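See below for the structure under consideration.
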Amino acid sequence: MVVSSRTVPAAPVLVSQWEAVFEEAGLRPRILELADRFPEERSLQVAFSAIEGSDTPLADLLIERPEEILGSGVLAMREMIPVAGPETAGLRLRITGLPTTARRLIRMIREADLNRFVAMDGIVRKATEVRPQIKDAVFACLACGTQIHEVQEDGGVTFREPVECPTAQGGCGKPASRTRFRLMPERSSYIDSQRIEIQENPETLKGGAHPQGLTVLLTEDLTGKVIPGNRVVVNGILKSMQRATASRQGVIRSTTFDLVVLGNSLEYKQQEYDEIAISEEEEALILSFRGDPTIVDKIVLSLAPTIKGLEEEKEAIALQLFGGVEKKHPDGIRVRGDIHVLLVGDPGVAKSQLLRNVADVAPRGIYTSGKGATAAGLTAAAVKDEFAGGRWTLEAGMLVLADGGIAVVDELDKMTPEDRSAMHEVLEQQTVSIAKAGITATLNARCPVLAAANPKWGRFTPDRTISEQIDLPPTLLSRFDVIYSIQDHPEETRDRFLANRILLSHQEGEAREASFGYTPSVASGGAPFSPDMLKKFIAYARRNIRPVLSNDALRTLEDFYVRVRKQGEEPDAPVPITARQLEALVRLSEAAAKARLSPVVSAEDAERAIRIVEGFLKRVSTTDGKLDIDLLSTGVSHSQRERVELLHGIMRGLQEKEETFTLEALKAEAERQGVPPAKTDALFHSLRNQGEVMETRPGRWQLVRF
């Protein structure tokens, strides 16, 4: 460990230095206010820059010798109070905004950082309940009856008991081997204590690295203010604790030590993406695109540029990265601004590659695959952990950790129905409600979800509707704003174009690996933004742009919605769209305005959103050439529901004659009434699987509910 050779001034000198800092920063009135409001308020927050600007040597000492320097600061606070009562002993000094030299990545902490003031950026993964921790234990010596005090170690996990009855406190001086000590809980003093575990932000991990965590001890007024999923900056003193294991020979102490941070202050990240640093030059470059009519197209070109042929899907995903505007109405109703996108496609159409790229480009992207995800891993788990002293704690899952970012879920269809059902609340309410092991909590999961799945039978088939081939429940499908079906149809012109681009990208990759010069072709070149610049562009737009619908955009969306809904007024016509699609149009329009860095949603933004929604509805929600939203919301089209009712009537009529019926008779009567035999066969098997018809004897069927 590196030991500082800096000379520490005497305590009175340090106190006077702190008093000068407080005076220069104008903090004397605040200190007096704290004395009046104690114990409701007890902490004085001081920015490190104020200390450094007033007394640079003191600021340097604060980083190197924090316990000693902070203690002097508290003494200075007490000295500045004219009438110092016993309550002043509870005043605390909190330092925020530590310099970059004191900031550490959790995985980069080393022994040289021990006992220094450090700042760590992370996400809260676990949090225990707030419990009293003994600070000054009072014992009674059973030999002489003297009450003695044993001050406990800050951050210690082991209880310290007296080794003798000290004569300095009026005791008899007998060692613990000759007397016993009884703890007096009612006379001991306590403080509130809570342990949390922070881990590295998921988007900062490289190459599948496992996120590392660190335990933080919070005390007094810092407790009870964070929940799993919060993104925080922890400022505190890094301490070490020796590992110990119990055995028959007694306690065996290890030479390896665990790390714990004694929290001094917490900084909460309220602003989205405020951890992404954007220089003045980069901001000027971003703002130079304001007013560029082709900026959305440039963003789409920059998204996975080597993947060709998915331009429509990329446009929807690009708008998803920017997102709409969250609204909170006066009656308490919250309307999400995040856009959820689902891609269902044939194998080999580069869905997974596209999702991986989006997770890398998104400022806060977290990727997972359906096969490796459970309901607890997606939402939150209640675990019994030694971290909490054997109590139950909440452990945040992927969707909670993605709060404020984007969650990318591949192979959604491979998840079990029980695990997949955990996503319903997240998609609509953007919260995770937990009621496990006596813990009832609601955690935030405010993130858009980008998911991909394969068709039910591995590949789309032309003889069935697309909605029948998406093996996901309608209740889940209806919560996605945009659903694209990607079909792999052989077509010479398109196949030649894609083959050319794929082969050129392989050729360039080989040349790059061989380390000799090559000329970039259109296969990989032409991306207007680099991945890093695209990430900063998105972060800047989400951080600073809050567009408002213009009257022109409002009329454009209104006219489209009314015009399409009018198609459902015809006799026996299906319902084409609902208010859910209208809200999706608003979100996509706002996202298009954000991408243009515009504070106003224009009619062109609304038309772009209409084109996207119309495009995906024609793919996945069309029956006999007409839009039918029931395919997504209920899984059964309007025409299919009518045919089922017709078959029910035919089966009831056949049963009235002979009590049972044959499938051949059903097909013949249905064909006379306009239902093709293939449709009758498919609907009949569906009714059989649902338990609505049963086979009473070979070849004879009967309605269960006649």
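The values are calculated or read from the model by the stated rules, or taken from the named source; none is laboratory data. Remember, it's a predicted structure, so these values are computed and weren't measured experimentally. Counting neighbours? That spans all protein chains shown, and the Cβs are built from the backbone with ideal geometry, glycine included.
Conditions tested, residue by residue: (1) in contact with a strand residue (DSSP E or B) (Cβ under 8 Å, 6 or more places away or on another chain); (2) more than 16 Å from I123 (Cα to Cα); (3) modelled with pLDDT of 85 or more.
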position	(1), (2), (3)
E220	yes, yes, yes
P228	yes, no, no
L262	yes, yes, yes
Q270	no, no, no
Would you confirm, using the coordinates I've provided, whether G615 is outside the structural domain of L585 (by TED's automatic domain parsing) and modelled with pLDDT of 80 or more? no
Would you be able to tell me the number of residues in the range 375-397 that are at pLDDT 75 or above, surrounded by fewer than 22 Cβ atoms within 10 Å (Cβ to Cβ) and in contact with a helix residue (DSSP H, G or I) (Cβ under 7 Å, 6 or more places away or on another chain)? 1
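Condition check: out of contact with any Lys or Arg (no Cβ under 7 Å at 6 or more places or on another chain), within 30 Å of L557 (Cα to Cα), β-branched (V, I, T) and modelled with pLDDT of 80 or more. Does V636 satisfy that?
no
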Among the residues of the range 51-105, what is the count of those that are over 14 Å from F117 (Cα atoms), polar (S, T, N, Q) and without any contact (Cβ under 8 Å) to a residue 40 or more places away in the chain? 2
Would it be correct to say that A523 is surrounded by 17 or more Cβ atoms within 10 Å (Cβ to Cβ), at pLDDT below 85 and out of contact with any Gly (no Cβ under 9 Å at 6 or more places or on another chain)? yes
Any idea how many residues of the range 327-371 are of a type in the set (D, E, K, R) and under 18 Å from F480 (Cβ atoms)? 3
Any residue in the range 32-44 that is in the same structural domain as G71 (by TED's automatic domain parsing) sitting within a Cβ distance under 7 Å of a residue that is in a helix (DSSP H, G or I) and polar (S, T, N, Q)? List the pairs, counting only those 6 or more apart or interchain. A35/T88
Please find, among A316, A350, A284, the residue that is farther than 25 Å from E468 by Cα and among the hydrophobic types (A, V, I, L, M, F, W, C). A284
Being over 16 Å from Y540 (Cβ atoms), of a type in the set (D, E), part of a strand (DSSP E or B) and in contact (Cβ under 8 Å) with a residue 12 or more places away in the chain is the requirement here; does E267 meet it? yes
Restricting the range 54-92 to residues that are at pLDDT 85 or above and among the small types (G, A, S), the residue that is surrounded by the fewest Cβ atoms within 10 Å (Cβ to Cβ): G71
Out of the residues in the range 93-146 that are among the hydroxyl-bearing types (S, T, Y) and surrounded by 15 or more Cβ atoms within 10 Å (Cβ to Cβ), which is nearest to V226 (Cα to Cα)? T128
